[in-house]
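The values are calculated or read from the model by the stated rules, or taken from the named source; none is laboratory data. The structure displayed is predicted, hence computed values, not measured ones. Note: ideal-geometry Cβ built from the backbone for every residue, glycine included; neighbour counts use all protein chains shown.
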Amino acid sequence: MTDLSQEERDALSKDKFAFPTQRKAPIEDAAHVRAAIARFNQVQGVTDKERDEAWERILKAAKKFDVEVNEKSWREIGRG
């Protein structure tokens, strides 16, 4: 995964984040999608509704970048 500089992160449009209002969890490429899934439960200060919406954005990005996602819901992350 390419680390984003603050300048690069600031330049990303909101639709390139799983949590666009907070600008958390970039999902602009496959590596960042995988990282967003791995760190999903570490995101603080968001509601379950925001998590539901972020999960949908992550699934859409995963499909776009051909990233396999085993969980059907963010609530399944870390179980199993």
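Things to note:
- Residue in the stretch 3-18 that is surrounded by 18 or more Cβ atoms within 10 Å (Cβ to Cβ), touching a helix residue (DSSP H, G or I) at 6+ places or on another chain (Cβ under 6 Å) and within 20 Å of SER73 (Cα to Cα) present: yes
- Search result, residues across the stretch 5-54 that are in contact with a strand residue (DSSP E or B) (Cβ under 9 Å, 6 or more places away or on another chain) and basic (Lys, Arg): ARG9, LYS16, ARG23, LYS24, ARG39, ARG51
- Residue in the stretch 39-47 that is at pLDDT 95 or above, hydrophobic (A, V, I, L, M, F, W, C) and in contact with a Lys or Arg (Cβ under 7 Å, 6 or more places away or on another chain) present: yes
- Residue within the stretch 2-10 that is under 10 Å from the mean Cα position of the chain (by Cα) and among the hydrophobic types (A, V, I, L, M, F, W, C) present: no
- Those residues of the stretch 29-59 which are crowded, with 18+ Cβ neighbours inside 10 Å and under 20 Å from ASP3 (Cβ atoms), in sequence order: HIS32, VAL33, ARG34, ALA36, ILE37, PHE40, ILE58
- Residue within the stretch 60-70 that is closer than 20 Å to LYS14 by Cβ and surrounded by 16 or more Cβ atoms within 10 Å (Cβ to Cβ) present: yes
- Subset of the stretch 14-54 (residues that are among the small types (Gly, Ala, Ser) and part of a helix (DSSP H, G or I)): ALA30, ALA31, ALA35, ALA36, ALA38, ALA54
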